[in-house]
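Below is one structure, written out as structure tokens, with a few remarks after it.
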Amino acid sequence: MKFEKYAFHPLIKSNLAELGFKKPTDIQYKAITPILKGEDVLAIAQTGTGKTAAFAIPTVQRLLDHSRKLNINAVRCLVMVPTHELAQQVKQTFQQVSKGSGLTIYAIYGGLEQDPQIKMLQSGIDVLIATPGRLFDLISQGYLSLSLLEVLIVDEADHMLGRGFIKDMRDLLPHLPKKRQTLFFSATINEEIKKLAYSLVHKAIRIQLSPKNPVAKNIEHAVAYVEMDDKRYFLEQLIKNNPEAKMLVFVRTKVRAERVQKALQRMELKADTLHGDKDQKQRDETLGRFKSGVLKVLITTDISARGIDIPEVDFVVNYDLPETVEHYVHRVGRTGRGFAKGQAYSFCSPEEKTILEQIEKELTEPIERISISKGDYAMVKALTEDDSKDWRQLLKEAPPTKKTAKGKKRRR
Ligand code: ADP
Ligand code: MG
């Protein structure tokens, strides 16, 4: 069924047409009707399947149906998300869907001045998108009230109910009215979190699409065995063979992100980094350039793994393997968004083989192997334009001064 056929407010229809959304994706098709009826929903659908619009479209419709004068500091719909990048993105979708309706949509998160946020809240907000930290600051200072809340939406629900955020989520509940609509959306979920989610909703409708294989169908993903110290040469070749491609490269730590960028710099390849040590302004600016395509290669940590919708990412590269299957699914899910296709490559060093085995055990299908012949492997190393040698080589070549001798000892 096309969106035109739905009984939506004409504004919503024209906004969807403007976005180029003609028909609902599977999750939208299944979730929109129960949400419109006011049911609680727990929805699991793979990355990139359009979950944001699946909750935004019917919620905007309901807010317009039951239009109400806003109370001071009150919020009608609250969307909880884990990162500020995702808060901005979800805000944008709500704005796009409700354009011209007069609904107020606002996002609050840390790292920005609080005063302008307080001012915005004064006149009341229809849809507030928030990360937990700043939300609590504002509630405890009395600048924000959730007592009239109509809808609570939790995006990336398994993460929000997981270790890092569960305390915040539990602290939130006493501030919410008992009678409300609650919607959980996620691409991944385990049994424990599912139980927890059910305890927070009332007779939830459960919608689960393709539960067996969490990696979206339109993503081709494969793994290559590469020595830890050689990974940069393989990344170098991938970039050089695909000079126009947009590439999102995941590494284990912030320090490694910087290190990989430096290595690429030596090879005269342009790349930027995004991780938790960068300030908010830098993060926005870098992501903006990557989204627009000015920046082609972005090296990042798992901070960018969840929810972020970047158009036309051609390759996701797991330069380091992620620690859990959830991280794997979310990382590779940054490509192949909507109806597009995507490719993901993982570099697995001998040290990482056990992580790979674990990931494969939890995915239902094995990950395709890219076999690299000895000759090809040597060729990739020989072709590098990185003239610095690795530290082991440098140590071997360095004269045995006291300092290096000591350094060597400590490393052992
Ligand atoms: P998810 O939250 O499931 O990972 P998103 O909500 O971020 O996915 O949407 C992924 C992409 O699909 C976005 O770029 C979005 O604009 C696009 N999209 C969503 N719904 C539709 C639709 N009905 N038709 C076409 N594209 C859509
Ligand atoms: Mg999402």
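Of the residues making up the range 178-193, those that are more than 16 Å from ligand 1 (Cβ to nearest atom) and either open to solvent by less than 30 Å² (accessible area, probe 1.4 Å) or under 21 Å from the mean Cα position of the chain (by Cα) (or both) are Gln181, Thr182, Asn190, Ile193.
List the strands (runs of 3 or more DSSP E) that sit entirely inside the range 168-248 and contain at least 2 residues that are under 23 Å from Leu135 (Cα atoms). Write out each step before concluding.
Values: elements: 181-186, 205-208, 219-225.
Result: 181-186.
Among the conditions (1) more than 26 Å from Gly142 (Cα to Cα); (2) open to solvent by 10 Å² or more (accessible area, probe 1.4 Å); (3) in a helix (DSSP H, G or I), Gln88 misses just one, which is (1). His159 satisfies every condition listed in (1) assigned to a strand (DSSP E or B); (2) open to solvent by 50 Å² or more (accessible area, probe 1.4 Å) except (1). Total residues in the range 296-331 satisfying the condition of being closer than 25 Å to Glu227 by Cα, among the β-branched types (Val, Ile, Thr) and within 14 Å of ligand 1 (Cβ to nearest atom): the figure is 2.
Any residue at all in the range 10-29 that's more than 16 Å from ligand 2 (Cβ to nearest atom), in a loop (DSSP other than H, G, I, E, B), touching a residue at least 24 places away in the same chain (Cβ under 8 Å) and surrounded by fewer than 22 Cβ atoms within 10 Å (Cβ to Cβ)? Taking every residue of the range 10-29 in turn, none turns out to be more than 16 Å from ligand 2 (Cβ to nearest atom), in a loop (DSSP other than H, G, I, E, B), touching a residue at least 24 places away in the same chain (Cβ under 8 Å) and surrounded by fewer than 22 Cβ atoms within 10 Å (Cβ to Cβ). Specify the residue that is farthest from ligand 2 (Cβ to nearest atom); the eligible residues are those in the range 34-58 that are touching a residue at least 60 places away in the same chain (Cβ under 8 Å) and in a helix (DSSP H, G or I). If we take residues in the range 34-58 being touching a residue at least 60 places away in the same chain (Cβ under 8 Å) and in a helix (DSSP H, G or I), then Pro34 is farthest from ligand 2 (Cβ to nearest atom).
Look at the range 109-156 and say how many of its residues are on the phi > 0 side of the Ramachandran plot and either part of a helix (DSSP H, G or I) or within 16 Å of ligand 1 (Cβ to nearest atom) (or both).
Counting residues in the range 109-156 that are on the phi > 0 side of the Ramachandran plot and either part of a helix (DSSP H, G or I) or within 16 Å of ligand 1 (Cβ to nearest atom) (or both) gives 1.
Being part of a helix (DSSP H, G or I) and surrounded by fewer than 24 Cβ atoms within 10 Å (Cβ to Cβ) is the filter here; which residues of the range 59-83 pass it? Break it down stepwise before answering.
Initial filter on the range 59-83 (part of a helix (DSSP H, G or I)): 59-65.
Hits for the range 59-83 are Gln61, Arg62, Leu63, Leu64, Asp65.
Here Ala216 fulfils each of the conditions (1) free of Cβ contacts under 8 Å to residues at least 60 places away in the same chain; (2) over 22 Å from Arg76 (Cα atoms); (3) open to solvent by less than 20 Å² (accessible area, probe 1.4 Å) apart from (1).
Results for (1) in contact with a Lys or Arg (Cβ under 6 Å, 6 or more places away or on another chain); (2) surrounded by fewer than 20 Cβ atoms within 10 Å (Cβ to Cβ); (3) without any contact (Cβ under 8 Å) to a residue 60 or more places away in the chain, shown as yes or no for each residue.
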site: Ser98; (1), (2), (3): no, no, no
site: Leu112; (1), (2), (3): no, yes, no
site: Ile118; (1), (2), (3): no, yes, yes
site: Ser123; (1), (2), (3): no, yes, yes
site: Gly133; (1), (2), (3): no, yes, yes
site: Ser140; (1), (2), (3): no, yes, yes
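Kindly provide the set of residues from the range 147-170 that are among the acidic types (Asp, Glu) and in contact (Cβ under 8 Å) with a residue 40 or more places away in the chain, ordered by number. Passing the criteria: Glu150, Asp155, Glu156, Asp158.
The values are calculated or read from the model by the stated rules, or taken from the named source; none is laboratory data. As the structure is a computational prediction, the values presented were derived from the model and not from experiment. A quick note on method: Cβ atoms are made from the backbone with ideal geometry, for glycine too, and the neighbour counts reach across all protein chains shown. Accessible surface areas use protein heavy atoms only, side chains included; no ligands, DNA or RNA. Shrake-Rupley method; radii C 1.70, N 1.55, O 1.52, S 1.80 Å.
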